[in-house]
Each structure stands twice: as structure tokens, then as C-alpha cells.
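Step one of this worksheet: look at the structure below.
The values are calculated or read from the model by the stated rules, or taken from the named source; none is laboratory data. Every value quoted in this text rests on a predicted model; they were computed, and no experiment measured them. In this analysis, Cβ positions are derived from the backbone assuming ideal geometry, glycine residues included, and neighbour counts consider all displayed protein chains.
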Amino acid sequence: MNSNKIDYAEITISAVSPTQYPEDGLPEIVLAGRSNVGKSSFINTMVNRKKLARTSGKPGKTRTLNFFNIENELFFVDVPGYGYAKASNAEQEKWGRMMEDYFSTREELVLGILLVDFRHEPSEHDVLMYDFYKHYDVPVFVVATKSDKIKKSKYNKHESLIRKTLKISSEDQFFTFSSFTREGRQEVWDAILAYISKDEKA
């Protein structure tokens with residue numbers, strides 16, 4: 001797969017239950033993060049599209065698992081954003097059940113990406129999401145978005161804070177990313193494809 005020239009990227013289904021998950025058998029990379037962390041912009045940048053994933057003016061709008069087929073080789077699975085204050089307890093419980101169903105049963109799930117805002121210390125929800133990945137033995141890439149908002153001289157300080165707060169395991173990779181400058185796009189793709197290749201050979 002040539003990550004610089006992606007010809008096919010489409011949303012296959014917005015699923016709310018396991019019966020709706022795709023049956024293609026392709027490896028799946030799940031994307032999680034706070035409602036305003038820039039997940040849609042991340043997806044659009046990664047696949048060289050402007051509007052494949054819709055960026056919303058209303059954080060927390062995604063209420064389904066959105067499966068994006070990339071080149072018929074893998075899926076990005078966009079899960080509902082968390083940490084949105086206006087979500088009711090009932091909505092949060094529904095979100096939790098949907099996530100547990102997916103994480104506990106989905107054999108195609110090979111990798112998790114946790115998107116955090118590079119400018120800020122990870123929230124309690126970010127820590128819980130990282131721990132959620134680890135609980136289900138999902139390898140994690142931590143991608144710090146909006147890196148263009150931080151001076152290069154401050155990168156180490158911000159990365160150290162994120163690593164310390166999340167207690168990132170030594171085997172989990174960390175990337176800085178900007179949908180504005182496209183920083184990190186190639187590095188993340190290289191790591192995803194290398195990981196999938198290694199996983200398929202295992």
C-alpha cells in the first residue's frame with residue numbers, strides 16, 4: 001500500500017452493534033480521543049481527503065462506530081469521542097457497552113490509536129481510554145495532535161508530560177501530528193503498515 005497515493009477511502013458503515021460490523025476480515029485500527037481532539041481532521045489528513053470524515057462544530061456528535069475502508073487493505077474505526085460534558089449518563093453507558101462489545105469480541109482489531117491534544121496534559125478520560133486499550137491487550141500508538149500550536153523548543157516538555165500522565169508503556173509508540181502542517185502523517189503511516197505487516201507474519 002502506498003500511503004502517499006491513496007485511491008480508495010470510503011466509509012463502509014456506521015455500526016451500533018456487532019451484527020453490523022464489516023465481514024471483510026481486514027485488520028482494524030481503532031481511533032479514540034476526546035470529542036474536540038481532531039479525530040476527523042486526523043482521518044482526512046491520513047487519507048488525503050478533505051471531507052471523508054466530517055468535522056463537526058458540535059463536539060461529541062459521533063454516536064456510532066464508523067468503519068473507514070482504506071484501499072481495501074485495512075479499516076480505520078472511529079469510535080465516539082468522549083469527555084463531552086453534554087452527554088447524558090444514559091448516552092455514556094450506551095457508549096461504554098458499545099465499546100466493550102467491540103473490544104472484547106473483535107478479532108480484526110489489531111491496533112489502537114489514542115489521540116491527545118499536544119498542548120495540554122491528558123485528561124482523566126484520556127488516561128481511562130489508554131488503560132481501556134491496555135485492559136484488552138490492544139497495542140497503542142499515542143498521537144499528539146495540534147503540534148503546530150507548540151514551539152519546537154517545547155516539544156520535549158509536552159511529550160514528557162503526556163508520557164508521564166498516561167504512563168505510556170515502553171512498547172507503545174508516540175507521535176506528534178498536525179493536520180495543518182501534515183507533520184507526523186508519514187511517520188504514523190509507516191508505523192501502522194510496519195505493525196500490520198509484522199502482525200500478519202506472526
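Descriptive notes on the structure:
- When 9, 53, 32 are screened for being within 29 Å of residue 122 (Cα to Cα) and modelled with pLDDT of 90 or more, only 32 passes.
- Filtering the stretch 62-118 to residues that are modelled with pLDDT of 90 or more, more than 14 Å from the chain's Cα centre (by Cα) and closer than 30 Å to residue 160 by Cβ leaves only 118.
- Residue within the stretch 172-191 that is touching a helix residue (DSSP H, G or I) at 6+ places or on another chain (Cβ under 8 Å), touching a residue at least 40 places away in the same chain (Cβ under 8 Å), among the β-branched types (Val, Ile, Thr) and surrounded by fewer than 18 Cβ atoms within 10 Å (Cβ to Cβ) present: no
- In the stretch 14-26, the residues that are touching a residue at least 60 places away in the same chain (Cβ under 8 Å) form Cβ pairs under 8 Å with partners that are β-branched (Val, Ile, Thr) and in a helix (DSSP H, G or I), at six or more places apart or across chains, as follows: 18/105.
- So residue 137, is it closer than 16 Å to residue 29 by Cβ and exposed (fewer than 15 other Cβ atoms within 10 Å of the Cβ): yes
One line per residue, one yes/no per condition, for (1) closer than 15 Å to residue 174 by Cβ; (2) not polar (S, T, N, Q):
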{"position": "120", "(1), (2)": "no, yes"}
{"position": "126", "(1), (2)": "yes, yes"}
{"position": "132", "(1), (2)": "no, yes"}
{"position": "136", "(1), (2)": "no, yes"}
{"position": "139", "(1), (2)": "yes, yes"}
{"position": "144", "(1), (2)": "yes, yes"}
{"position": "148", "(1), (2)": "no, yes"}
{"position": "151", "(1), (2)": "no, yes"}
{"position": "156", "(1), (2)": "yes, no"}
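- Filtered by the rule that a residue be assigned to a helix (DSSP H, G or I) and out of contact with any strand residue (DSSP E or B) (no Cβ under 8 Å at 6 or more places or on another chain), the stretch 133-177 gives 135, 148, 149, 152, 153, 154, 156, 157, 160, 161, 164, 165.
- Residue check for residue 197: of a type in the set (Gly, Ala, Ser) and in contact with a Gly (Cβ under 7 Å, 6 or more places away or on another chain): no
- Of the residues making up the stretch 150-202, those that are acidic (Asp, Glu) and in contact with an Asp or Glu (Cβ under 8 Å, 6 or more places away or on another chain) number 1.
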